[in-house]
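The values are calculated or read from the model by the stated rules, or taken from the named source; none is laboratory data. Keep in mind that this is a model prediction, so the values were computed, not measured. Because the Cβ atoms are built from the backbone with ideal geometry, glycine has one as well, and the counts that use them run over all protein chains shown. What goes into the accessible areas is simple: the full protein's heavy atoms, side chains included, and nothing from ligands, DNA or RNA. Shrake-Rupley method; radii C 1.70, N 1.55, O 1.52, S 1.80 Å.
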Amino acid sequence: RAPKVTRSLPSMALFGAAYATASLGCTIAPFLAIVVSAFRSGSTGEGITLFTAYAAGMGLIVGAASLTVALTRTTAVTRLRRLGTIAPRLGGGLLTLVGAYVAYYGWYEIRALPDPTTDPVIDTAAASSEPLPTPWTPPDRL
C-alpha cells in the first residue's frame with residue numbers, strides 16, 4: 001500500500017524533491033544542450049534567457065501536474081491509475097518502433113558507405129523532420 005497522502009508542507013516539499021530528482025534523468029540532456037551551447041556561443045544574455053525560459057516551462061508543467069493531482073478527486077485519480085496500466089505497453093511499442101528505425105538507419109548508413117544511395121524510408125523521415133516554411137523571415141542580427 002502507498003503511504004497516506006497529506007497536504008502538509010513537508011509532504012509537498014518531499015513530493016517536489018522526489019519529482020525533481022526523478023525527472024532529472026529525462027531533462028538534464030536537453031537542458032545542458034540548449035543552455036550550455038548558448039553560453040558557449042558568447043552570448044551571456046541569450047544563455048540567461050534560455051535558462052529562464054526552460055525553468056519557466058518546466059515549472060509550468062510540474063506545477064500543472066501537481067495541481068491536477070492535488071485538486072482532482074480520489075475517484076478521478078483511481079480511473080487515471082487504471083488507464084495507467086496500459087502506459088507501459090504503449091511506451092514499449094513506441095520504443096520498439098523507434099529502435100527498429102534506428103537499426104534500419106544504421107543498416108542504411110553501412111550500405112551507403114561505399115556507394116551513397118537514396119532510401120524511401122530515410123527520405124520520408126528526413127522530409128518529415130524539415131521545418132515548415134515561415135511566411136515571415138526575421139531580419140539579420142546586427
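Output the qualifying pairs, or none if there are none: Cβ atoms under 9 angstrom, residues six or more apart or on different chains, first residue in the stretch 51-67 and farther than 20 Å from A29 by Cβ, second residue of a type in the set (G, A, S) and at pLDDT below 85.
Listed pairs, sorted by first residue: S66/G16.
Please pick out the residue among V121, V69 that is surrounded by 11 or more Cβ atoms within 10 Å (Cβ to Cβ) and either touching a Leu at 6+ places or on another chain (Cβ under 8 Å) or modelled with pLDDT of 85 or more (or both). Show your work before the answer.
Details: V69 fails: either touching a Leu at 6+ places or on another chain (Cβ under 8 Å) or modelled with pLDDT of 85 or more (or both).
Only one candidate qualifies: V121.
For the list (1) touching a Gly at 6+ places or on another chain (Cβ under 7 Å); (2) loosely packed, with under 10 Cβ neighbours inside 10 Å, I need the number of the one condition that V35 fails.
Tallying (1) touching a Gly at 6+ places or on another chain (Cβ under 7 Å); (2) loosely packed, with under 10 Cβ neighbours inside 10 Å, V35 fails exactly one: (2).
Would you check if there is a residue in the stretch 83-101 being modelled with pLDDT under 80, open to solvent by 80 Å² or more (accessible area, probe 1.4 Å) and in a helix (DSSP H, G or I)?
Within the stretch 83-101, one or more residues are modelled with pLDDT under 80, open to solvent by 80 Å² or more (accessible area, probe 1.4 Å) and in a helix (DSSP H, G or I).
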